[in-house]
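The values are calculated or read from the model by the stated rules, or taken from the named source; none is laboratory data. Only a predicted model underlies this, so the values are computations on that prediction, with no experimental measurement involved. Cβ placement follows ideal geometry from the backbone for every residue including glycine, while neighbour counts extend to all protein chains displayed.
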Amino acid sequence: MIDAKRRILLKGSLAAGTVGVAVGAGLLSPRMVLASWNEAAFHAKDLPAALSSLMGSDATETNDAIKIKAPDIAENGAVVPVTVETDMEGVKSIAIVADQNQTPLIASFDLGESALPFVSTRIKMAKTSNVVAVVQTADKLYSNAKEVKVTIGGCGG
């Protein structure tokens, strides 16, 4: 039993040492693996500014083809499950917004050409507000919204 623990410790130490040498030699760089993000869009204080920074425009057209699955009443605003999907063609990205949050842009997902336009995540909401899904296609921005009532605040509430 003691030999097994010793072997696990030695293997872990060897793996950690190998990664350390690779980082020191410049073979692994944390900048290469971190996702890029649009800082201005995620720090915007209102929805039009966030959409303009993220997608180049804030002119959206409401479309019922965008389906938002979220609870009608969220008992805890710190963890609100949200799913967005659509059957629209040529979807390039999907953004999720909570319009009453201090910084409304919650998430943005860039999709590849063959990806299904479906995203699922958990978001944090400060108070009762509309959860807005914005779908970007090659030529337009489309949106749909669903109101979610929050009973316990998640953003400092």
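Assorted remarks:
- Annotation note: of LEU14, LEU28, the sole residue that is over 25 Å from SER93 (Cα atoms), at pLDDT below 85 and assigned to a loop (DSSP other than H, G, I, E, B) is LEU28.
- Of all residues in region 106-134, those that are buried (at least 16 other Cβ atoms within 10 Å of the Cβ) and in contact with a Pro (Cβ under 7 Å, 6 or more places away or on another chain) total 1.
- Considering (1) crowded, with 17+ Cβ neighbours inside 10 Å; (2) over 13 Å from VAL135 (Cβ atoms); (3) touching a Phe, Trp or Tyr at 6+ places or on another chain (Cβ under 8 Å), the lone condition that ALA70 does not fulfil carries the number (3).
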